[in-house]
Amino acid sequence: MEILSPAGKISSAYAAFIGGADAIYIGGKSFSARASIENFSNEEIESIVNFAHSIGKKVYVTINTLIFQDEFMDAVNFAYFLYTINIDGIIIQDLGLAYYLHKTLPSLTLHASTQLNCHNVKQAKALIDLGFKRIVVSREANIDTIKEIKALGVEVEVFVHGALCVSYSGNCLLSSFIGDRSGNRGRCAQPCRMKYDLKEDNKTISSNSYLISTKDLMRIDQLSALEKIKVDSLKIEGRVKSDEYIYVVSKAYKDALLKMDKSIIDEDKNQLIKTFNRQFTNGYLFNESPFKLLNTNTSSHIGELIGKVIKINNNRVSIKLYKDISRLDGIRFNNDEQFGLSLEKIFVNKNPVEYAKKGQIIEVINIEKADRLLDLDVYRTKDYLLTKEIEKQIKNNIKVGIKAKFIAHKNQPISLELSFKNHNVIAYGDIPDIALKTPTTKERIIEQLNKTNEYPYFIKSIKIEIDDLYIPISSINKLRNEALEKLRQSFIEHKQLELINYEQERFNLNNDLSPLAIVNNINQEQIINNYGILSYSSFDNDYHNELRVNNKKNFNSKNELMHFIVNKENDCDLIGSMYLNVTNSYALDCLYHFGFNHIILSLELDFKSIQLLINDYYLRHNQYPSVGLLTYGYFDMMIMKSCPIGTIYQNQNIHCNKCHKHTYKLVDRINEEYRLIGDENCNIHVLSNKPICLFNELDELEKLNIKPILIFNFEDEQKTMDIINSYYEKRNIPNSFNGHFLKRPL
């Protein structure tokens, strides 16, 4: 199995390789889901690809954001550039980009990003048909689902370590609508890591807690299970993390994979705890309870427990140590305040010391309001000595072992053959002289050949054939350098673009502009139908709204509203929901090709972007696309498997059904309320604080041939009728908003 590590900058890439990573994934300056970090220029990408290949490693590049129409060809050209420098794979979220690249450059290796939320076999089959060679499965997928997807013959990549998105990936709009920073566009502000209150039937049952902040993933104990089902790649999260973190985690998983030794794994786990953790979880690989993945106490690094405050004397704090500690370590006191500091000075028996041992009592001075810290547990958040040792390790030059064969016979040029990873090169040098006195020894030749200097190689085995000859040191050095350069250059490959013209398929589209509603109960359905509006629901077999997260093998209804890509079966009509994240006209081509009859556009789009999308489709196809747009409704800000309700109640079993018996709301720091709705599979939907309403814009949408879509969740009969009447009057309802319609999020 491949150890796949993150890198947000050049130094992180080297740290990953030194730690033992077999491959890294990086982002360019655009279209990266980690847009806030340094990332790599095109020149840096080419350089790191050439270096990685020269030492037998791989590089994958992320283009894992949604692509708007006016960016589309820039993303395509970036992918083409990556192909020419022999990239090992491109990680993609956008369906339109994947479709376009597979049609125009089918030899380009595409990986389906976890942002595509691949969580079932039917979806995986569609992604394989779309040209993906590897699927990064949903973090929520269990071992049986992963096994089924792997059995399809596709490469499978599984996250094993790092931060978890609380929402199913690619399905979170919280940051986009709270702060105009779209997670699907690489700008997530991480509102899930903030504090919230939880209300039950309008009564607060939890205050000021990290209600939707997940623990970190750690699957170092589960590698044998993943190896058994032949997972191809073990992925580590953390492109925003430090070089030291990337080195430690890469090394820990490489050690665990190579040795499978419990004592070594336990030692590495201790370093993982020290480096960064928000508490750890195994995730859902073996169907962990959804009530055990959240850490409601903190959203930041916890560290390791190293002691307890046993005494306060004015501004002096006495700590009984459970573990050794060093001056300049970072510590934190475990209370609501999570107060922390760097140990600039520590005292034992009133004497300043550099180190203190387990069992000793240390004093820390000059702590304001020290009384608040009595009896608190103390955690180490930075191990100074460990950090210094890691810094030393990642400054080492990367060297990989190669094989060599040196031949020197009289009257023939000396030669050096080098071999590494099925690459063989040979270089020829000077013709040596017959030794008149002392011949050049094998030991001297080996000594000189091992001086590989800046080259990333060392000679692990060598064969020497030599007559009694005198070979100048300069000749050996020259031959060595020529052979090493030949070997390095043998891994550098540039490909020629051989593009296929993008075929404009003609689709039979239904441009009916009558409204369509998605309803939640029978009363809403009856009212909607009385107005002559077609409705989809979870309980209607004729016009069925599938679950957003669905592991069913068969969808048998005549008309299906789908939230993820599948292959069309039978003669059913497929409608693609807004959660398919369609933001460009080529994504429409993709879904129409797969048999979808109608597509609801992404809520990430603003009006100008919608215009560009529609106009581009019309120019290419000479017909309007069959699309809709949410014009009324509360929508899912996120959908998550972790459950804050059961977590607060410390539930042990799945399906407590509290969310079906009571009304629950998350309340943020500015008192905005977000309704929590549970589905039949115990997934929690976090609804928007206000409904979108674009009734004032219906005339503009009609000009663009866009079908109005209305979503009803918890509206009662009277509210439902009021909304429909407002729709026909083209009048926005009170306390609504227009989403991103008039603004473009970052």
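Tabulated data
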read-out: Within region 172-187, tally of residues that are at pLDDT 95 or above and assigned to a loop (DSSP other than H, G, I, E, B); value: 2
read-out: Single residue of 430, 371 found to be in a loop (DSSP other than H, G, I, E, B) and surrounded by fewer than 18 Cβ atoms within 10 Å (Cβ to Cβ); value: 430
read-out: Test for residue 581: is it within 34 Å of the chain's Cα centre (by Cα) and on the phi > 0 side of the Ramachandran plot; value: yes
read-out: From 565, 518, 522, residue being of a type in the set (A, V, I, L, M), in contact with a helix residue (DSSP H, G or I) (Cβ under 8 Å, 6 or more places away or on another chain) and over 30 Å from residue 425 (Cα atoms); value: 565
read-out: Residue in region 500-527 that is most open to solvent (accessible area, probe 1.4 Å), counting only those that are in a loop (DSSP other than H, G, I, E, B) and β-branched (Val, Ile, Thr); value: 500
read-out: Residue satisfying all of: in region 85-94; open to solvent by less than 10 Å² (accessible area, probe 1.4 Å) and not β-branched (Val, Ile, Thr); nearest to residue 136 (Cα to Cα) among these; value: 93
read-out: Failed condition for residue 588, given (1) over 25 Å from residue 127 (Cβ atoms); (2) touching a Pro at 6+ places or on another chain (Cβ under 8 Å); value: (1)
read-out: Residue identified as in a helix (DSSP H, G or I), open to solvent by 10 Å² or more (accessible area, probe 1.4 Å) and either in contact with a strand residue (DSSP E or B) (Cβ under 7 Å, 6 or more places away or on another chain) or under 21 Å from residue 115 (Cα atoms) (or both) among 74, 70; value: 74
read-out: First in region 714-731 and at positive phi, second anywhere and at pLDDT 95 or above and open to solvent by 80 Å² or more (accessible area, probe 1.4 Å), Cβ under 7 Å, 6 or more apart; value: 730/696
read-out: Filter pass, residue 569 being under 20 Å from residue 124 (Cβ atoms) and either more than 29 Å from the chain's Cα centre (by Cα) or at pLDDT below 95 (or both); value: yes
read-out: Residue list for region 214-246, filter: over 25 Å from residue 133 (Cβ atoms) and open to solvent by less than 20 Å² (accessible area, probe 1.4 Å); value: 214, 216, 220, 245, 246
read-out: Number of the exception - residue 125 against (1) surrounded by fewer than 24 Cβ atoms within 10 Å (Cβ to Cβ); (2) closer than 23 Å to residue 289 by Cα; value: (2)
read-out: Subset tally (residues that are touching a Phe, Trp or Tyr at 6+ places or on another chain (Cβ under 7 Å) and among the aliphatic types (A, V, I, L, M)) for region 25-47; value: 1
read-out: In region 25-38, the residues that are buried (at least 22 other Cβ atoms within 10 Å of the Cβ) and under 21 Å from residue 72 (Cβ atoms); value: 27, 31, 32, 33
read-out: Any hit, region 466-482, residues being hydroxyl-bearing (Ser, Thr, Tyr), open to solvent by 50 Å² or more (accessible area, probe 1.4 Å) and in contact (Cβ under 8 Å) with a residue 40 or more places away in the chain; value: no
read-out: Residue list for region 175-195, filter: open to solvent by 60 Å² or more (accessible area, probe 1.4 Å) and in contact with a Cys (Cβ under 7 Å, 6 or more places away or on another chain); value: 181
read-out: Candidate set: region 260-304, residues that are among the small types (Gly, Ala, Ser), within 23 Å of the chain's Cα centre (by Cα) and over 18 Å from residue 246 (Cα atoms); chosen: the one surrounded by the most Cβ atoms within 10 Å (Cβ to Cβ); value: 283
read-out: Unique match (being open to solvent by 20 Å² or more (accessible area, probe 1.4 Å), modelled with pLDDT of 95 or more and either in contact with a Ser or Thr (Cβ under 8 Å, 6 or more places away or on another chain) or not charged (D, E, K, R) (or both)) among 690, 730, 719; value: 690
read-out: Tabulated pairs, region 37-52, first among the charged types (D, E, K, R) and modelled with pLDDT under 95, second open to solvent by 40 Å² or more (accessible area, probe 1.4 Å) and assigned to a loop (DSSP other than H, G, I, E, B), C-beta under 9 angstrom, 6+ apart or interchain; value: 38/9
read-out: Count of region 528-560 residues which are more than 23 Å from residue 117 (Cβ to Cβ) and open to solvent by 20 Å² or more (accessible area, probe 1.4 Å); value: 11
read-out: Region 196-207, residues that are surrounded by fewer than 12 Cβ atoms within 10 Å (Cβ to Cβ) and touching a residue at least 24 places away in the same chain (Cβ under 8 Å); value: 201, 202
read-out: Flag if residue 244 is touching an Asp or Glu at 6+ places or on another chain (Cβ under 7 Å), of a type in the set (Asp, Glu) and part of a helix (DSSP H, G or I); value: yes
read-out: Test for residue 567: is it more than 22 Å from residue 710 (Cβ to Cβ), in contact (Cβ under 8 Å) with a residue 40 or more places away in the chain, out of contact with any strand residue (DSSP E or B) (no Cβ under 8 Å at 6 or more places or on another chain) and open to solvent by less than 20 Å² (accessible area, probe 1.4 Å); value: no
read-out: Test: residue in region 312-321 that is part of a loop (DSSP other than H, G, I, E, B) and either at pLDDT 90 or above or more than 39 Å from the chain's Cα centre (by Cα) (or both); value: yes
read-out: Within region 584-687, strands (runs of 3 or more DSSP E) holding 2 or more residues that are open to solvent by 50 Å² or more (accessible area, probe 1.4 Å); value: 673-678
read-out: Tabulated pairs, region 665-686, first at positive phi, second open to solvent by less than 50 Å² (accessible area, probe 1.4 Å), C-beta under 7 angstrom, 6+ apart or interchain; value: 682/290; 682/643
read-out: Test: residue in region 719-735 that is assigned to a strand (DSSP E or B) and of a type outside the set (Gly, Ala, Ser); value: no
read-out: Selected residue (only one of 81, 132 is open to solvent by 10 Å² or more (accessible area, probe 1.4 Å), within 27 Å of residue 47 (Cα to Cα) and not β-branched (Val, Ile, Thr)); value: 81
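Per-residue answers, yes or no, for (1) open to solvent by 20 Å² or more (accessible area, probe 1.4 Å); (2) farther than 27 Å from residue 490 by Cβ:
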| site | (1), (2) |
| --- | --- |
| 361 | yes, yes |
| 380 | no, yes |
| 388 | yes, yes |
| 393 | yes, yes |
| 402 | no, no |
| 410 | yes, yes |
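The values are calculated or read from the model by the stated rules, or taken from the named source; none is laboratory data. For clarity, every value in this text was computed on a predicted model and none was experimentally measured. In this analysis, Cβ positions are derived from the backbone assuming ideal geometry, glycine residues included, and neighbour counts consider all displayed protein chains. For the accessible areas, the whole protein counts, side chains as well, though only heavy atoms, and no ligand, DNA or RNA atoms are used. Shrake-Rupley method; radii C 1.70, N 1.55, O 1.52, S 1.80 Å.
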